[in-house]
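Engineer: What follows is a structure written as structure tokens; I'll ask about it next.
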Amino acid sequence: MKTAGREAWTLLLDLWGTQRSRVSAIAGEVDLAPRQMHLLRLLDEPLPMSRLASALRCDPSNVTGIVDRLEERGLIERRTAPDDRRVKMLALTAEGARVRDRIRERWLEPPEAIASLSAKDQRALRDVLRRAGVSPAPGRKGSPRPS
């Protein structure tokens, strides 16, 4: 038997699944791999590599390779944590911030399935997701919340 909750979850997964090519396209616009794009998207302030690994849901050793490529492009830099020299922090360069802002601008454009809803339905969807506890990813300040 299909519950309303299960159907809602299935629909959300299906919607997200339709966006895979969009994610790749946005990454391609700035000549990045999707994981590199996601890492940049999460950086608002210097963060430890371990926290970014958690936010990306990958092993810290995988973050090293992603970071190496972003650092080679001059988009991020490694820094030592002020309170513990063993901890490597990642920070955006000025160019990295510019690329991240471009990514966010595109990322936050709703897909057609949501954009085509009435303003009332868009607000209702947003409000239901908020009540369900959906919140910004770790390591990222919330996106603007229009009324």
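Engineer: Just a yes or no: is a residue in region 38-52 assigned to a strand (DSSP E or B) and touching a strand residue (DSSP E or B) at 6+ places or on another chain (Cβ under 8 Å)?
Structural biologist: Looking through region 38-52, at least one residue is assigned to a strand (DSSP E or B) and touching a strand residue (DSSP E or B) at 6+ places or on another chain (Cβ under 8 Å).
Engineer: May I ask you to say which residue of Glu77, Glu71 is surrounded by 15 or more Cβ atoms within 10 Å (Cβ to Cβ) and without any contact (Cβ under 8 Å) to a residue 12 or more places away in the chain?
Structural biologist: Working: Glu77 fails: without any contact (Cβ under 8 Å) to a residue 12 or more places away in the chain.
None of the others qualify; the one that does is Glu71.
Engineer: Given the structure, is Arg85 farther than 25 Å from Leu32 by Cβ, assigned to a strand (DSSP E or B) and free of Cβ contacts under 8 Å to residues at least 12 places away in the same chain? Give the steps one after another, and end with the answer.
Structural biologist: Working: farther than 25 Å from Leu32 by Cβ: yes; assigned to a strand (DSSP E or B): yes; free of Cβ contacts under 8 Å to residues at least 12 places away in the same chain: yes.
Spelling it out, Arg85 is indeed farther than 25 Å from Leu32 by Cβ, assigned to a strand (DSSP E or B) and free of Cβ contacts under 8 Å to residues at least 12 places away in the same chain.
Engineer: Just wondering, is there one or more residues in region 95-118 that are free of Cβ contacts under 8 Å to residues at least 24 places away in the same chain, of a type in the set (Phe, Trp, Tyr) and either in a helix (DSSP H, G or I) or surrounded by 12 or more Cβ atoms within 10 Å (Cβ to Cβ) (or both)?
Structural biologist: No.
Engineer: Return the pairs, sorted by first residue and then second, in which the second residue is at pLDDT 90 or above and aliphatic (A, V, I, L, M), the first residue lies in region 1-28 and is farther than 16 Å from Ile114 by Cα, the beta carbons are less than 7 Å apart, and the residues are 6+ apart or on different chains.
Structural biologist: Taking only residues 6 or more apart or on different chains, the pairs are Ile26/Met37; Ile26/Ile103; Ala27/Ala33; Ala27/Met37.
Engineer: Give me a count of the residues in region 80-94 that are at pLDDT 90 or above and surrounded by 15 or more Cβ atoms within 10 Å (Cβ to Cβ).
Structural biologist: Total satisfying the criteria: 4.
Engineer: Report whether or not Ala55 is modelled with pLDDT under 90, touching a Pro at 6+ places or on another chain (Cβ under 7 Å) and not in a strand (DSSP E or B). Can you show your working first?
Structural biologist: On the way: modelled with pLDDT under 90: yes; touching a Pro at 6+ places or on another chain (Cβ under 7 Å): yes; not in a strand (DSSP E or B): yes.
In short, yes.
The values are calculated or read from the model by the stated rules, or taken from the named source; none is laboratory data. Everything quoted here is computed from the prediction, not taken from an experiment. Every residue, glycine as well, gets a Cβ built from its backbone with ideal geometry; the counts of neighbours run over all protein chains shown.
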